[in-house]
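Here the structure is laid out as structure tokens; the discussion comes afterwards.
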Amino acid sequence: MISGWKRSYRRRREGAWRFGWNALHLDPWLLFALLLTMAGGLVVLYSASGEVVERVEAQSLRFVGALVVMAVIAQIPPSTMMRWTPVLYVTVTLLLVAVDVSGYHAMGAQRWLEIPGFGRFQPSELMKLVMPMTLAAFLARRPLPLSWKDLGICLVLMLIPVALILEQPDLGTAMLVMFAAGFVILFAGLSWRLILLCLLVAAAALPLMWLYMHDYQRQRVLTFINPESDPLGAGWNIIQSKTAIGSGGVFGKGWMDGTQSQLQFLPERHTDFIVAVLAEEFGLVGVCLLLLCYLMIVGRGLVLAVRAQDTFGRLLAGSLVLTFFIYVVVNIGMVSGLLPVVGVPLPLISYGGTASVTLLAGFGILMAIGTHRKLLPR
Amino acid sequence: MGNGFLRRLRNGGSRPSQIKDSAAEVSLFRRRCFAAVALIVVLTGVLVARMVFLQVYQHELFATRSENNRVRVEPLPPTRGLIYDRSGELLAENRPTYNLMLTREQAGDVGRTVELLVEVLGLPSEMSETLLERSRQRQRPYQSALLLSDLSEGQIARLALNRYRLPGVEVEAQLLRYYPQSVVMSHVLGYVGRISQEDLERLDSSNYAGTHFVGKSGVERFYEDVLHGQVGLRRVETNARGRVLGEIDRTAPIKGKDLTLTVDSGLQQLGAKLLDGRRGAIVAIEPKTGAILAMVSSPGFDANAFVTGISHADYQKLQNDKDLPLYSRAYRGEYPPASTVKPFMALAGLQSGVMRPGDTIFDPGYYQLPNDPHRYRNWQRWGHGRVDMHRALLVSNDTYFFDLAHSLGIDRISTFMHRFGYGENYALDVWGARSGLMPSRDWKRGRYNQAWYPGETLSAGIGQGYWLATPLQMASSVAVLANRGKAVRPHLVAAIGDQEILPPFPDSPEDVELDDPRWWDLVIQALKDVADSSPVLSQGRQYTMAGKTGTAQVFTVAQDARYDAAEVAERLRDHALFTGFAPVEDPEIAVSVIVENGGWGSRVAGPIGRAMIDAWMQPGADHEVKIPGRDDGHDL
């Protein structure tokens, strides 16, 4: 068996330009796939925002900023990240506590923290990255497959921030943080039996969760089960987005010709529901091309994960890639009526600031893992 | 399960500082990566399958739905026709008003917005509850709800100033019915109100798709079809918030037709003034055409209050008012016509041949039926002595008409009176007009399953007993008399749009023909002498006039038992009646007057009738009439 890093070492010697990329600590394939997706996203956004050039400009600027963040993070060696992870974990957890406390005083849902001179900032968003880092850093020091005790510690490490995020309340982010943590544990070799057991327990816990849900969350679930029950109220969004997607057909109605989208029948068309615009205007073909872009990113990400030199890198890269994919699945699933509506944007396409910065920061970590190599003895 | 785990746990516990097996870990990770790839493939497959299902399999369904979404048909409500009086004075118009609308979705914090509204508009603070309630009254999300109607200019200005603080708040223009003479005309015009569930059942729902108001009573109700017009349609492209992005095509609505009434608003106002503070009714008819010149019911009510939506409390107040302001006495009030029927009785006697004009009877002050000790008394206890038909009409002798009625019998009386419209509703377009009651043997048997008693015929002979008539019927019967038998259908509308409404009308009753046409003049001459012999009816009069007063035994319209002691005495008084027409030779106006509990007819109703006729015959003259009031003189 040829180990991943050895293959990559060999390839690295194949062309001089690869040295250039490696010196920059950027992965050209991943970067290409990301830029391609983002460019496509801007095209869809132009139509979805009602041809508002300012929005496309703002989104492009944000992308540039996020790419810079990605490039900067890619320069940090994974070993340094691992060292600083405990500090990051404690800091972000404390920030979450601060959000909850100020949210309590503001008598309502609060996800933001005002930092003077820095603007608004959402600590739960950071937790999406810090959570897999923490578990990966912890498990990297433990023997794998992970033990009961380590699993228990992992669960505690995961549940503290998740509980804080649920308190905000932000079910969508809490879920994604759980996914990120779960994938680390999966990659760390959690036994299949236990995975099955967890799934069963989770299924059994669903009715229990119902008791702890907020009214609006229950409404979303009810609407998901039967959108036609309230076609003009809560079911409106999902009926309209399904209509947009379905009416697009195989080839779509053409760019900026989607009546559902252009006539504003579609809610949140440039944010969470943007894929419905794509599906309406570019049809099944457009959706498949988008999925292909995502598969390119995910595929390259997994390659980087497999090639990672240490357990921290492997676990973290694997988790980041799968979490990214889960974003895609949850968003498209929700817009097409397969999943209940939770506020998950479509990665790299939806309009919005924090989400794309976090995403690209994640890809920065992935690139760091892929490009920082110690020349280990064979 | 768990054996392997427990073992691993034990092993792990016993070897805390186990040396990591790199190769094994890499191999484990690779296996997990294959699982991840499998998961990704499966999930991607699910997504693609879902998209294929929606976009290929269900494409037709959603394509249709999307097309329907894009294009919406909106009704364009027609403008309601206006109503004018006979001289072109506007009686019902459409006033542009401004409504306060709120879209909850755009307001953000609805509670806060409503509080701000209450503050900005200077409303009482308890209104915020009501406004919040109203903001939810709508059919679908993103639709604006009506919070307040008929905003004042000041309120609109204050809203405009605070617009930036009030997201989702809009001021919307709407045409609202307005009656400039609402109280005076209330029982003629009726009013429009919001379409109710019951209205929806009788209306053509597609024609009323964009309409909020419908005629509820009076002319507004009767001529609803004409006034409403034809709904227009426009197909528009809209967004989900109902905002119209563009119009595809439109069919313009057809405006409702304007109505010109036969009513003269000056005469109507005079009538309302004459009856001010009293309960009663006046109907004035042009005998030649049957055109209703005035139709007053007193007290009236403010019809405008019903348009904007009368509050429950105010409505209860109107309902419980013991003067019954909502009761259209002029065409729904049924009163004993009393002595005003005597001219018709005389005609009945002549036509049926039971008496001749010169025949006399002796009046000892009472009448007695054969084999019956009961004395049916004349109003003047000591009697009028020997009376013929002329004198009987002039002094309104009861005994003469008791005798005549007994000779005629109730069935002949009943049949003859129907020809003058008693017991019939000959009104062409008076919504809800009653037909009164013209009793007969058959009627009594059907109604009470009782035989008719001869004494009841005597009561009928002087317009009492079971006989009931509306003021409208009394006026139209007098019009027939004034016409010397030519039938009339009383009506309120002179023209629909440009088209004049003139007799002959469909289903008109037959003219009354007498064997000797001179009998008309005999009876009318007697009534002329009545008018000429009464100072209040004759002084200063420059035209000829025929008249007959009446005094109806008490019959309270209100069946309400809760009178206080002082009220009872007042409400036990007789009703005062007057009927008359002028000029005698070529009649232009026929009038009936009833004043509930007014007392002696010649004292109260006569002067009112005279004043009405004066106003019509001598326009511009001084109409000062002294009418005795309830307690003191009532100068007008």
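So the values come out like this:
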{"item": "Any chance A:Leu30 is in a helix (DSSP H, G or I), modelled with pLDDT of 80 or more and either of a type in the set (Gly, Ala, Ser) or over 19 Å from A:Gly301 (Cβ atoms) (or both)", "result": "no"}
{"item": "Residue within region B:600-618 that is assigned by TED's automatic domain parsing to the domain that holds B:Asp532, under 30 Å from the mean Cα position of the chain (by Cα), modelled with pLDDT under 90 and assigned to a loop (DSSP other than H, G, I, E, B) present", "result": "no"}
{"item": "Residue that is free of Cβ contacts under 8 Å to residues at least 12 places away in the same chain and outside the structural domain of A:Ser261 (by TED's automatic domain parsing), where the choices are A:Val87, A:Val52, A:Val68", "result": "A:Val87"}
{"item": "Residue count for region A:327-359, restricted to those that are away from chain B (no Cβ under 14 Å) and part of a helix (DSSP H, G or I)", "result": "6"}
{"item": "Helices (runs of 4 or more DSSP H) contained in region B:1-79 and holding at least 3 residues at pLDDT 85 or above", "result": "B:22-52, B:59-70"}
{"item": "Any hit, region A:216-233, residues being surrounded by 15 or more Cβ atoms within 10 Å (Cβ to Cβ), within 26 Å of A:Thr354 (Cα to Cα), within 10 Å of chain B (Cβ to nearest Cβ) and modelled with pLDDT under 70", "result": "no"}
{"item": "Filtered residue count, region A:296-352, keeping only those that are of a type in the set (Gly, Ala, Ser), surrounded by fewer than 23 Cβ atoms within 10 Å (Cβ to Cβ) and within 28 Å of B:Phe53 (Cα to Cα)", "result": "4"}
{"item": "Residue in region A:360-378 that is of a type outside the set (Phe, Trp, Tyr), within 14 Å of chain B (Cβ to nearest Cβ), in a loop (DSSP other than H, G, I, E, B) and touching a Phe, Trp or Tyr at 6+ places or on another chain (Cβ under 6 Å) present", "result": "no"}
{"item": "Qualifying residue in region B:504-518 (condition: modelled with pLDDT of 90 or more and in a helix (DSSP H, G or I))", "result": "yes"}
{"item": "Of the criteria (1) under 30 Å from A:Ser47 (Cβ atoms); (2) within 14 Å of chain B (Cβ to nearest Cβ); (3) within 13 Å of the chain's Cα centre (by Cα), which one A:Ser319 fails", "result": "(1)"}
{"item": "Matching residues, region B:512-535, being touching a helix residue (DSSP H, G or I) at 6+ places or on another chain (Cβ under 8 Å), without any contact (Cβ under 8 Å) to a residue 60 or more places away in the chain and surrounded by fewer than 18 Cβ atoms within 10 Å (Cβ to Cβ)", "result": "B:Asp532"}
{"item": "B:Glu286, sole failed condition from (1) farther than 17 Å from B:Ser476 by Cβ; (2) in contact with an Asp or Glu (Cβ under 8 Å, 6 or more places away or on another chain)", "result": "(1)"}
{"item": "Only listed residue being within 14 Å of chain B (Cβ to nearest Cβ) and part of a helix (DSSP H, G or I), chosen from A:Val156, A:Val162, A:Val184, A:Val130", "result": "A:Val184"}
{"item": "Yes/no for B:Ala303 being in contact with a strand residue (DSSP E or B) (Cβ under 7 Å, 6 or more places away or on another chain) and not assigned by TED's automatic domain parsing to the domain that holds B:Tyr191", "result": "no"}
{"item": "Unmet requirement for B:Ala348, which otherwise passes all of (1) in contact (Cβ under 8 Å) with a residue 12 or more places away in the chain; (2) not in a helix (DSSP H, G or I)", "result": "(2)"}
{"item": "Some residue of region A:290-307 being within 16 Å of A:Arg373 (Cα to Cα) and touching a Pro at 6+ places or on another chain (Cβ under 6 Å)", "result": "no"}
{"item": "Number of positions in region B:58-102 that are among the β-branched types (Val, Ile, Thr) and within 14 Å of another protein chain (Cβ to nearest Cβ)", "result": "2"}
{"item": "Members of region B:380-402 that are in contact with an Asp or Glu (Cβ under 9 Å, 6 or more places away or on another chain) and not in a loop (DSSP other than H, G, I, E, B)", "result": "B:Gly385, B:Arg386, B:Val387, B:Met389, B:His390, B:Ala392, B:Leu393, B:Leu394, B:Asp398, B:Thr399, B:Tyr400"}
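Okay, residues lined up against (1) over 22 Å from A:Ile326 (Cβ atoms); (2) touching a strand residue (DSSP E or B) at 6+ places or on another chain (Cβ under 9 Å); (3) facing chain B (nearest Cβ under 7 Å):
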| position | (1), (2), (3) |
| --- | --- |
| A:Thr243 | yes, no, yes |
| A:Trp255 | yes, no, no |
| A:Thr259 | yes, yes, yes |
| A:Thr271 | no, no, no |
| A:Leu278 | no, no, no |
| A:Leu284 | yes, no, yes |
| A:Val287 | no, no, yes |
| A:Leu290 | no, no, no |
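The values are calculated or read from the model by the stated rules, or taken from the named source; none is laboratory data. All figures in this text were calculated on a predicted structure; none of them were measured in a lab. Virtual Cβ from ideal backbone geometry, glycine too; neighbours counted across all protein chains shown.
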